[in-house]
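These notes are about the structure you will find just below.
The values are calculated or read from the model by the stated rules, or taken from the named source; none is laboratory data. Nothing here was measured: the structure is a model prediction, and the numbers come from that model. Note: ideal-geometry Cβ built from the backbone for every residue, glycine included; neighbour counts use all protein chains shown. We work out accessible area using only protein heavy atoms, side chains counted, and drop any ligands, DNA or RNA first. Shrake-Rupley method; radii C 1.70, N 1.55, O 1.52, S 1.80 Å.
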Amino acid sequence: MDNYSVLETIVHRDEPAVMATLIGVKGHAYRKAGASMILWQDGRTTGSLSPGCLESDLKERVHDLLAAGSCEIIDYNLNAGEDAVWGGSVGC
């Protein structure tokens, strides 16, 4: 889903939600910087940032972010200490 589709979804729903956007990526990743998703207050999501690695943590943050009316920058380090299986640091 492209960012236009993600934003269009927000316009058509009158519900509280949080928009998560990748602002930087190092190494291999499922999505690149600029990718966005919407996390709705009721637990639904629109779009994705990863194959599931980040979404659970992001969902846990929605209620507090909506209550505070603020934003947050989160730094995830998904590099394995030793990547013996894939050998290419296949990222999330």
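Numbers at a glance
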| item | result |
| --- | --- |
| Contact order relative to length of the stretch 18-80, as percent, for alpha carbon pairs under 8 angstrom and 6 or more apart | 25 percent |
| Modelled FRET efficiency - R0 25 Å, LEU7 with ASP57, Cβ distances, 0.05 increments | 0.65 |
| Accessible solvent surface per residue of the stretch 1-41, calculated while the other protein chains remain in place, 1.4 angstrom probe, Å² | 67 Å² |
